[in-house]
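Q: Take a look at this one; I'll ask things after.
The values are calculated or read from the model by the stated rules, or taken from the named source; none is laboratory data. What you see is a predicted model; the values in this text were computed from it and never measured. Cβ placement follows ideal geometry from the backbone for every residue including glycine, while neighbour counts extend to all protein chains displayed. All accessible areas refer to the heavy atoms of the entire protein, side chains included, with ligands and DNA or RNA removed. Shrake-Rupley method; radii C 1.70, N 1.55, O 1.52, S 1.80 Å.
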Amino acid sequence: MRTLGIALIGLGAVGRAFIALLQARRAYLAAQYNLDVKLVGVATARRGTLFCPEGLDLAALSAVASAELSAYPDQARLLRTLEPLSLLTRPSVDVVIELTPTVYARDAEPAMSHIRAALAAGKHVITANKGPIALAYPELRAQAAHRGVFLGFEGTVMGGTPALRMARQGLAGCQISAVRGILNGTTNFILSEMESGKSYAEALSEAQARGYAEADPSNDVEGIDAAGKLIILAHVIFGKALGLDEIGREGITRLSQADIQAAQASGERWKLIAQAAIQPDGQVSASVKPMRLPLSDPLAQVGGGMNAITYQTDLIGAVTLIGAGAGGTATAYALLSDLIELAEQL
Ligand code: HSE
């Protein structure tokens, strides 16, 4: 049995769901992948840190994971005061899972420092944190390759729905010339709820309660989150590094209840559409904007917190993937799927 020691940096909805998933899938990981996953450390910004090289008790941790970690019971060799950067470089840590809140602008900190430090220390990294991957994927990928470690980020685009894995593996051998999709669950949920008569504010607060929204929801409603995901897709699919300022971007904040109803009356639906295409000269054009789609468009049928993406390929035409794009358990699944890919590579 191979044991992987994990450090979790950030313990929000996704981190808590991941701990629950580790408990639920323990026997499965052992039987299918000969893998024993040991959570050796957890770090939060304001609720404390825990580190134990023998592994933390997942049930006891789940019980306190929404509150102060000081309520976690004492155990032998438990440390409660390590800073994230010294926790993640400990010898018993094999994999760092970075889940601090996403920052798209500027430097994507503190996640960027966590990921750089982990890679520099020869740790495998798995993240659902979109900021560092959008901002610095070529650098991080090169650093991971240099250290011979795994960099998994499936959860950064469409949560647990394997959008990146489909482009990287499922469509291997095809050339993808364009992508078009609904990449933000919060805004899709808000637009769907507004169609059923809810106010924008009610719908946003429900999206927050469901764990869909970013810590700062202006990232969702201004289209920044969808643009970040488009940048990640462009890195993976086209090998192009786009800046946020190279993406024509408009969010949903200017859409009124009257706009939503006017579209409905004409048999159409507003959707926040992210799209990117590679031009014959190799340039990538990309935009995020609300569009009125006819109901015959498959993307018009994707409601609530769901996401969808259509890949335009040379050999099999258009391929569309629809699935959950946000939420704790769905995104935690993406982390698990990366962990399984890592286990298969080891
Ligand atoms: N805030 C994001 C969304 C979370 O609503 O899609 C998943 O990336």
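Q: Where Lys and Arg each count +1 and Asp and Glu each count -1, what net charge lies around residue 250 among other residues with Cβ under 10 Å from its Cβ? Kindly include the intermediate steps, with their values, before the conclusion.
A: Numbers: positive: 249, 254, 289; negative: 222.
Here the charged neighbours net out to +2.
Q: If you take every DSSP beta bridge fully contained in the range 1-87, what fraction is antiparallel? Give it as a percent rounded to 5. Could the numbers behind the result be given before it?
A: Numbers: 4 of 12 bridges.
Roughly 35 percent of the DSSP beta bridges within the range 1-87 come out antiparallel.
Q: Output the antiparallel fraction of DSSP beta bridges having both residues in the chain, as a percent to the nearest 5.
A: Values: 33 of 53 bridges.
Taking every DSSP beta bridge with both residues in the chain, the antiparallel ones total about 60 percent.
Q: Among residues other than residue 275 whose Cβ falls under 10 Å from its Cβ, what is the net charge (Lys/Arg +1, Asp/Glu -1)?
A: Charge balance in the 10 Å sphere: +2.
Q: Let me ask you something else. When a/c is below 1.5 the answer is rounded, else prolate if a/b is larger than b/c, else oblate, so apply that to the range 104-218 with a ≥ b ≥ c taken from the square roots of the Cα gyration tensor eigenvalues.
A: On the way: a/c = 2.92, a/b = 1.60, b/c = 1.82.
In terms of gyration-tensor shape, oblate.
Q: What does DSSP give for the range 164-324 in terms of the percent of beta bridges that are antiparallel, rounded to the nearest 5?
A: Given both bridge residues lie in the range 164-324, the antiparallel proportion sits at roughly 95 percent.
Q: Moving on to the next point. When the accessible area of the range 164-324 is computed with all protein chains present and a 1.4 Å probe, what percentage of it is carbon and sulfur? Please report the intermediate quantities before stating the final value.
A: Working: 3380 of 6850 Å².
Summing carbon and sulfur atoms, their accessible area is 49 percent of the total for the range 164-324.
Q: With a 10 Å cut-off between alpha carbons and a GNM built on the chain, which of 307, 219, 34 moves the most?
A: Maximum fluctuation in the GNM of the chain, among the listed residues, is at 34.
Q: Based on the alpha-carbon gyration tensor of the range 150-193 and its eigenvalue square roots a ≥ b ≥ c, which shape applies: rounded if a/c is under 1.5, prolate if not and a/b is larger than b/c, or oblate?
A: Oblate shape, in that a/c is at least 1.5 and b/c is the bigger or equal ratio.
Q: Further question: State, as an integer percentage, the relative contact order of the range 164-324 based on alpha-carbon contacts under 8 Å between residues 6 or more apart. Show your work: numbers first, answer last.
A: Numbers: 293 pairs, mean separation 53.9, N = 161.
Dividing the mean separation by the residue count of the range 164-324 yields 33 percent.
Q: Which number comes out as Rg/Rh for the chain once both Rg and the Kirkwood Rh are worked out on C-alpha atoms?
A: Details: Rg = 20.3 Å, Rh = 20.7 Å.
Radius of gyration relative to Kirkwood radius: 0.98.
Q: Please list 222, 344 from largest to smallest accessible area, probe radius 1.4 Å, with all protein chains kept in place.
A: Sorted descending by solvent-accessible area, the residues read 344, 222.
Q: Separate question: Keeping all protein chains in place and using 1.4 angstrom, which order do 237, 182 fall into by accessible surface area, from largest down?
A: Order by accessible area, largest first: 237, 182.
Q: Next question. Using only the alpha-carbon atoms of the range 164-324 as identical scatterers, what base-10 log of I(q)/I(0) does the Debye formula give at q = 0.11 Å⁻¹?
A: One equal scatterer on each Cα of the range 164-324 leads to -0.43.
Q: Any idea of residue 114's accessible area? Nearest 10 Å², probe 1.4 Å.
A: Roll a 1.4 Å probe over it and residue 114 shows about 20 Å².
Q: In addition: How big is the accessible area of residue 269 in square angstrom, nearest 10, if you roll a 1.4 angstrom probe over the protein chains?
A: Here the accessible area works out near 60 Å².
Q: Please name which of 342, 189, 125 has its Cα lying farthest along the dipole of the chain towards the positive end, using unit charges on Cβ (Lys, Arg +1; Asp, Glu -1) and the Cα centre as origin.
A: 342
Q: Calculate the dipole size of the range 164-324 relative to its Cα centre from +1 charges on Lys and Arg beta carbons and -1 charges on Asp and Glu beta carbons; express the result in debye to the nearest 20. Working shown, then result.
A: On the way: 13 positive and 17 negative charges, 81 e Å.
With Lys and Arg at +1 and Asp and Glu at -1, about 400 debye.
Q: Would you work out which of 148, 160, 296 lies farthest towards the positive end of the dipole of the chain, given +1 charges on the beta-carbon of Lys and Arg and -1 on that of Asp and Glu, about the Cα centre?
A: 148
Q: Can you tell me how the range 1-130 classifies by the Cα gyration tensor, rounded, prolate or oblate, using a/c under 1.5 as the rounded cut? Each step should come with its number before you reach the end.
A: Working: a/c = 1.44, a/b = 1.21, b/c = 1.19.
Rounded, since a/c falls under 1.5.
Q: Another question, if that's okay. At a probe size of 1.4 Å, how large is the accessible area of residue 337, to the nearest 10 Å²?
A: 10
Q: Quote the relative contact order of the range 154-223 in percent (integer), defining contacts as alpha-carbon pairs under 8 Å separated by 6+ residues.
A: Values: 38 pairs, mean separation 16.6, N = 70.
Once divided by the residue count of the range 154-223, the mean separation gives 24 percent.
Q: Moving on. Can you run phi through the Karplus equation (6.51, -1.76, 1.60; θ = phi - 60°) for the range 225-236 and list ³J(HN,Hα) in whole Hz, with x for Gly and Pro?
A: Going residue by residue, I get 4, 5, 5, x, 5, 5, 5, 5, 4, 5, 4, 6 Hz, with x marking Gly and Pro.
Q: In the neighborhood of residue 190, defined by Cβ-to-Cβ distances under 9 Å, what is the net charge if each Lys or Arg adds +1 and each Asp or Glu adds -1?
A: Details: positive: 198; negative: 193, 206, 220.
Net local charge, residue 190 excluded: -2.
Q: Where is the GNM fluctuation largest for the chain (alpha-carbon springs, 10 angstrom cutoff): 128, 201, 17?
A: 201
Q: Still on this structure, I have one more. Counting only protein chains, not ligands or nucleic acids, how are 166, 306, 194 ordered by accessible area (probe 1.4 Å), most first?
A: On the way: 166 40, 306 75, 194 10 Å².
Most to least solvent-accessible, the answer reads 306, 166, 194.
Q: Counting heavy atoms of the protein chains only and a 1.4 Å probe, report the per residue accessible area for the chain as a whole number of Å². Walk me through the numbers before you get to the answer.
A: Values: 14120 Å² over 346 residues.
That works out to 41 Å² for each residue.
Q: For a quick check, take a GNM of the chain with Cα springs below 10 Å and name the residue from 152, 243, 211 with the largest mean-square fluctuation.
A: 243
Q: Here's a follow-up. Let's see if you can work this out: charge +1 on each Lys and Arg Cβ, -1 on each Asp and Glu Cβ, no other charges. What is the dipole magnitude of the chain about its Cα centre, in debye to the nearest 20? Present the calculation step by step, with values, prior to reporting the outcome.
A: Details: 29 positive and 32 negative charges, 108 e Å.
The calculation lands at about 520 debye.
Q: Of 229/271; 198/271; 130/198, which pairs sit farther than 27 Å apart, going by alpha carbon to alpha carbon?
A: On the way: 229/271 16 Å; 198/271 16 Å; 130/198 29 Å.
Result: 130/198 exceed 27 Å.
Q: Follow-up. What does the helix-only formula give at 222 nm for the chain: each DSSP H stretch with n ≥ 4 adding -39500 (n - 2.57), the total divided by the residues, and the result rounded to the nearest 500 deg cm²/dmol?
A: Details: 12 runs with 121 residues, N = 346.
Per the formula, -10500 deg cm²/dmol.
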